[in-house]
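A.B. asks: Below: one structure in structure tokens.
Coordinate-derived values only; no laboratory data. Computed from a prediction, not measured in an experiment: that's the story for all the values here. Positions of Cβ are generated from backbone atoms using ideal geometry, with glycine treated the same way; all protein chains shown enter the neighbour counts.
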Amino acid sequence: MIDLANPAQAPARPATHPGGHPGGHPGALLGVGAVKPRGLVYDRAPMLVYWETTLACGLACRHCRATAVPERSPLELTTQEGFGLLDRVLGFGDPLPHVVFTGGDPLRRPDLETLVAGATERGIGASLAPAVTPDLTKDRLASLKAAGIQTISLSLDGSSPELHDGLRGVPGTFAMTMRAAEWAHEVGLPIQVNTLVTDTTLDDLPAIYEVVGRMGILRWSLFFLISVGRGAVLQEITPAQSEKLFGWLYDLSKVAPFQVKTTEATHYRRVATRRMEQDGLTDEEIVRTSVGRGFGIRDGNGIMFISHDGNVFPSGFLPLAVGNVRTDDIVELYRGHPVFTALRDTSRYKGRCGACQHVDRCGGSRARAFAWTGDYLEADPLCPFVPGRA
Ligand code: SF4
């Protein structure tokens with residue numbers, strides 16, 4: 001096992017899958033980089049709209065943000081309401097946001113292909129975040145690709161069946177995930193793997209890296225737990241652990257045959273920027289890296305989230321509903337609702353984030369600040385940075 005604290009054991013390039021995507025696939029990315037970057041300005045439109053099409057899911061993940069349930073809710077947006085939502089996404093103008101169909105398990109919606117085709121017909125890029133259950137078949141992936149899905153994400157939270165299935169709550173999920181990755185390759189869908197970072201998965205990350213290296217993926221996204229939903233039963237890592245992990249991730253990003261990104265850990269941008277400067281990259285070169293293209297993006301700034309019943313949030317991890325697509329215009333909410341405008345105004349941030357020289361590029365996890373303090377403008381408690389230091 002690689003010791004995350006020991007730079008002498010820097011990560012090596014893992015054995016790769018023959019169908020991998022070294023160097024990326026610029027036309028069809030899930031997450032940051034999926035659409036034309038806007039620089040640091042996201043006051044007019046988000047880059048990503050996450051639509052939780054349903055809460056229904058056959059898994060019982062211990063860390064589920066959505067606290068998913070077995071059955072679909074009668075409150076879900078209907079097909080027609082979904083088309084209405086997509087029409088309003090057009091209201092953001094060019095470049096259009098990218099829509100991520102998520103859940104629960106979006107595969108539980110029989111009209112998913114119709115909705116994806118609706119996005120495609122409107123010129124909106126679409127990605128899919130399915131659960132790995134028997135509903136995920138090669139035929140379904142092929143029909144969703146035909147409808148316009150450009151990328152899928154798969155979750156991998158352990159390097160072995162015991163570790164992964166233990167978190168996912170259903171035996172056999174690890175094996176199904178590996179099979180799903182093969183099917184995605186066979187139908188031509190690039191893959192993002194999402195991995196949860198908690199105190200229980202931290203030591204397993206080097207081994208997970210070896211596994212994802214064999215999966216032929218486009219991007220590895222490490223999601224830093226926020227204590228909401230079922231995630232509240234798991235423990236976040238400490239600030240010191242996150243700093244060590246960032247150092248390891250940066251070393252890894254230089255050799256990995258896929259992109260590496262963090263979710264709800266924007267302070268990785270601070271560490272990566274400093275390391276890139278030490279490596280001699282200019283400011284211009286830094287903003288063109290995959291880390292640089294994500295500068296500024298955080299809850300409510302470049303991101304918005306629509307729940308299964310149409311409520312509008314700054315992200316899936318910041319439980320502050322600002323309106324509902326059934327009665328409100330998402331463009332007006334994003335551009336003008338006081339929660340969204342406050343989230344984008346870094347001069348209102350408090351504590352260390354408010355005093356930090358990296359605030360515009362980083363800004364901290366607003367969701368974690370809210371989860372820990374009840375104030376989404378407070379400092380991100382996972383960041384140990386002392387503002388003013390290099
Ligand atoms: S103090 Fe806040 S803005 Fe500065 S690096 Fe840390 S999380 Fe980011």
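A.B. asks: Could you put THR266, THR200 in order, starting from the residue whose Cβ has the fewest other Cβ atoms within 10 Å?
C.D. replies: In increasing order of surrounding Cβ atoms, one gets THR200, THR266.
A.B. asks: Hey, another quick one. Please list, in order along region 324-330, the HN-Hα scalar couplings obtained from phi with the Karplus expression 6.51 cos²θ - 1.76 cosθ + 1.60 (θ = phi - 60°), rounded to whole Hz, x for Gly and Pro.
C.D. replies: Rounded to whole hertz, the list is 9, 5, 6, 10, 10, 9, 5.
A.B. asks: With unit charges on the beta carbon (Lys/Arg positive, Asp/Glu negative), name the residue among THR195, VAL116, GLY280 whose Cα is farthest towards the positive pole of the charge dipole of region 20-347.
C.D. replies: GLY280
A.B. asks: Something else: Within 14 Å, Cβ to Cβ, of SER159, how many net charges do the neighbouring residues add up to if Lys/Arg are +1 and Asp/Glu are -1?
C.D. replies: On the way: positive: ARG168, ARG214; negative: ASP157, GLU162, ASP165, ASP203, ASP204, GLU210.
Charge balance near SER159 sits at -4.
A.B. asks: Let me ask something else about it. Shape verdict for region 314-390, please, from the Cα gyration tensor: rounded (a/c under 1.5), prolate (a/b greater than b/c) or oblate. All intermediate terms of the calculation are to be shown ahead of the outcome.
C.D. replies: On the way: a/c = 3.12, a/b = 2.01, b/c = 1.55.
Prolate, because a/c is 1.5 or more and a/b exceeds b/c.
A.B. asks: Work out the P(r) tail for the chain: percent of alpha carbon pairs separated by more than 38 Å, whole number. Write down the numbers at each step before the final one.
C.D. replies: Details: 8682 of 75855 pairs.
The share of Cα pairs beyond 38 Å in the chain comes to 11 percent.
A.B. asks: Next question, about the same structure. Let a ≥ b ≥ c be the square roots of the eigenvalues of the Cα gyration tensor of region 179-249; is it rounded (a/c under 1.5), or, if not, prolate (a/b larger than b/c) or oblate? Spell out each step's value before the answer.
C.D. replies: Details: a/c = 2.74, a/b = 1.74, b/c = 1.57.
It comes out prolate by the Cα gyration axes.
A.B. asks: If you take the charge dipole of the chain about its Cα centre, with +1 on Lys and Arg Cβ and -1 on Asp and Glu Cβ, which of SER365, THR327, PRO161 is farthest toward its positive end?
C.D. replies: So the residue furthest toward the plus end is SER365.
A.B. asks: Give the shape of region 142-183 as rounded, prolate or oblate, defined through the alpha-carbon gyration tensor: a ≥ b ≥ c are the square roots of its eigenvalues, a/c under 1.5 means rounded, and otherwise the shape is prolate if a/b is larger than b/c and oblate if not.
C.D. replies: Prolate shape, in that a/c is at least 1.5 and a/b is the bigger ratio.
A.B. asks: What is the order of ILE226, ILE208, fewest Cβ neighbours within 10 Å to most? Don't skip to the answer; put the middle values down first.
C.D. replies: Working: ILE226 27, ILE208 22.
So the residues, fewest neighbours to most, are ILE208, ILE226.
A.B. asks: What size of dipole, in debye to the nearest 20, comes out for region 20-347 about its Cα centre when the only charges are +1 on Lys and Arg C-beta atoms and -1 on Asp and Glu C-beta atoms?
C.D. replies: 360
A.B. asks: Can you compute the charge dipole magnitude of region 270-381 about its Cα centre, using +1 on each Lys and Arg Cβ and -1 on each Asp and Glu Cβ, nothing else charged? Give it in debye, rounded to the nearest 20.
C.D. replies: 240
A.B. asks: Moving on. Subtracting the Cα-Cα distance from 0.36 nm times the residue separation, let me have the gained length for GLU332 to ALA146 in nm, one decimal.
C.D. replies: Going from the current span to full extension adds 63.7 nm.
A.B. asks: Tell me which residues come under 5 Å, amide H to amide H, from VAL69 once H is placed; ignore anything under 5 positions away on its chain.
C.D. replies: ALA56, CYS57
A.B. asks: On to the next question. How big is the Kirkwood radius of region 156-213, worked out from every pair of different alpha carbons and given in Å to one decimal? Working shown, then result.
C.D. replies: Details: mean 1/r = 0.0848 Å⁻¹.
Across region 156-213, the inverse of the average 1/r is 11.8 Å.
A.B. asks: Take the cross-link list LYS145/LYS244; LYS138/LYS254; LYS254/LYS350; LYS244/LYS350 and give me the ones stretching past 31 Å between alpha-carbons. Show your work: numbers first, answer last.
C.D. replies: Values: LYS145/LYS244 39 Å; LYS138/LYS254 33 Å; LYS254/LYS350 34 Å; LYS244/LYS350 25 Å.
Over 31 Å Cα-Cα: LYS145/LYS244; LYS138/LYS254; LYS254/LYS350.
A.B. asks: Another one. How much net charge surrounds GLU186 when only other residues with a Cβ under 14 Å from its Cβ are counted (Lys, Arg +1; Asp, Glu -1)?
C.D. replies: Surrounding charge for GLU186 is +2.
A.B. asks: Under 15 Å Cα-Cα from LYS261, which aspartates and glutamates qualify once same-chain neighbours fewer than 8 residues away are excluded?
C.D. replies: Output for LYS261: GLU243, ASP251.
A.B. asks: Taking the number of other C-beta atoms within 10 Å as the exposure measure, put SER347, SER143, SER315, SER221 in order starting with the fewest.
C.D. replies: Result, fewest neighbours first: SER347, SER143, SER221, SER315.
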